[in-house]
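Taking it in order: structure first as structure tokens, then the write-up.
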Amino acid sequence: MRGLFVTGTDTGVGKTVLSAALVAALAAAGERVRAFKPVVTGLEDTAGADGEGWPADHVLLGMAAGMAPEEVSPLRFGPAVSPHLAAELAGEAIEPERLLTAARESARDGETLIAEGVGGLLVPLSEGHSVRDLALALDLPVVIAARPGLGTINHTLLTLEAARAVGLDVRAVVLTPWPHKPTVLERSNRETLARVGEVEVDALGLIAGPEPAELARAGEALPWRRWLQPR
């Protein structure tokens with residue numbers, strides 16, 4: 001299966017916006033692309049992926065991919081809590097095999113799959129099964145979304161360590177939103193992560209709105225074609 005797995009150093013670091021930008025850029029370039037996010041929580045929260053005016057994660061990804069939101073995310077919950085707790089509160093159980101099958105089925109006709117995790121790599125989806133386990137099972141190259149500011153060095157290096165410890169192929173870290181005029185700290189963070197983490201570090205700027213054309217414009221600035229190449 002061809003595609004990318006987008007994870008993050010934490011919740012709220014821009015994973016969905018990055019994923020949607022990649023999906024929109026691929027679609028604009030004529031690629032057959034599908035979006036997948038195994039679980040969405042927090043639907044009771046009126047603010048979406050990037051705050052007021054942005055839709056919920058699965059809706060944003062669906063807009064970018066030309067898919068129904070329900071096709072993007074098979075499991076959807078109201079409370080803004082971790083997936084395993086959201087399922088427990090709903091009286092349900094998350095079945096990892098069901099999520100894996102749904103992801104594979106989404107790209108069964110040869111489409112490129114952009115799969116987005118939930119929170120960070122070690123977030124549990126169910127007892128004994130994490131987002132990292134799903135990434136491993138999908139066997140896709142990984143892109144890590146991270147904040148550009150204070151605290152990102154530790155969070156990002158820990159995420160790199162967690163990914164590499166199980167053999168995940170990390171293609172890049174993407175700092176987002178990257179400001180038009182980065183501070184000394186932000187520039188230093190970018191250089192430090194590249195050097196200490198021995199990883200490519202790219203940047204995704206602030207995106208004005210959730211429209212696919214705006215997302216595609218931002219996503220096209222990223223080297224996604226190279227990330228998709230087999231190693």
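The values are calculated or read from the model by the stated rules, or taken from the named source; none is laboratory data. Computed from a prediction, not measured in an experiment: that's the story for all the values here. Glycine gets a Cβ as well: all are built from the backbone with ideal geometry, and neighbour counts include every protein chain shown.
Cβ separations smaller than 8 Å between residues 6+ apart or across chains give the following pairs from the stretch 52-69 residues that are without any contact (Cβ under 8 Å) to a residue 24 or more places away in the chain to residues that are part of a loop (DSSP other than H, G, I, E, B): 52/46; 56/42; 56/43; 58/37; 58/73; 69/56. Counting the residues of the stretch 92-117 that are surrounded by 18 or more Cβ atoms within 10 Å (Cβ to Cβ), among the β-branched types (Val, Ile, Thr) and at pLDDT below 95 gives 1.
Screening the stretch 110-134 for residues that are touching a residue at least 40 places away in the same chain (Cβ under 8 Å) and out of contact with any helix residue (DSSP H, G or I) (no Cβ under 8 Å at 6 or more places or on another chain) and picking the one that is nearest to residue 41 (Cα to Cα) gives 131. Take the conditions of a type outside the set (A, V, I, L, M) and surrounded by 19 or more Cβ atoms within 10 Å (Cβ to Cβ) and apply them to residue 167. Does it pass? No, not satisfied. When you scan the stretch 11-37, how many residues do you find that are closer than 20 Å to residue 86 by Cα, assigned to a loop (DSSP other than H, G, I, E, B) and modelled with pLDDT of 95 or more? Number of matching residues: 1. Scanning the stretch 42-62 for residues that are modelled with pLDDT under 85, buried (at least 18 other Cβ atoms within 10 Å of the Cβ) and outside any loop (DSSP other than H, G, I, E, B) turns up 48, 49. The residue that is nearest to residue 21 (Cα to Cα), among those in the stretch 184-210 that are part of a loop (DSSP other than H, G, I, E, B) and either without any contact (Cβ under 8 Å) to a residue 12 or more places away in the chain or in contact with a Ser or Thr (Cβ under 6 Å, 6 or more places away or on another chain) (or both), is 208. Just one of the listed residues (7, 16, 11) is surrounded by fewer than 24 Cβ atoms within 10 Å (Cβ to Cβ) and hydroxyl-bearing (Ser, Thr, Tyr), and it is 11.
For the stretch 72-91, the condition of being in a loop (DSSP other than H, G, I, E, B), among the charged types (D, E, K, R), out of contact with any strand residue (DSSP E or B) (no Cβ under 9 Å at 6 or more places or on another chain) and without any contact (Cβ under 8 Å) to a residue 12 or more places away in the chain holds for none of the residues. For the stretch 177-231, the candidate set comprises residues that are aromatic (Phe, Trp, Tyr) and more than 17 Å from residue 147 (Cβ to Cβ); within that set, the residue that is surrounded by the most Cβ atoms within 10 Å (Cβ to Cβ) is 224.
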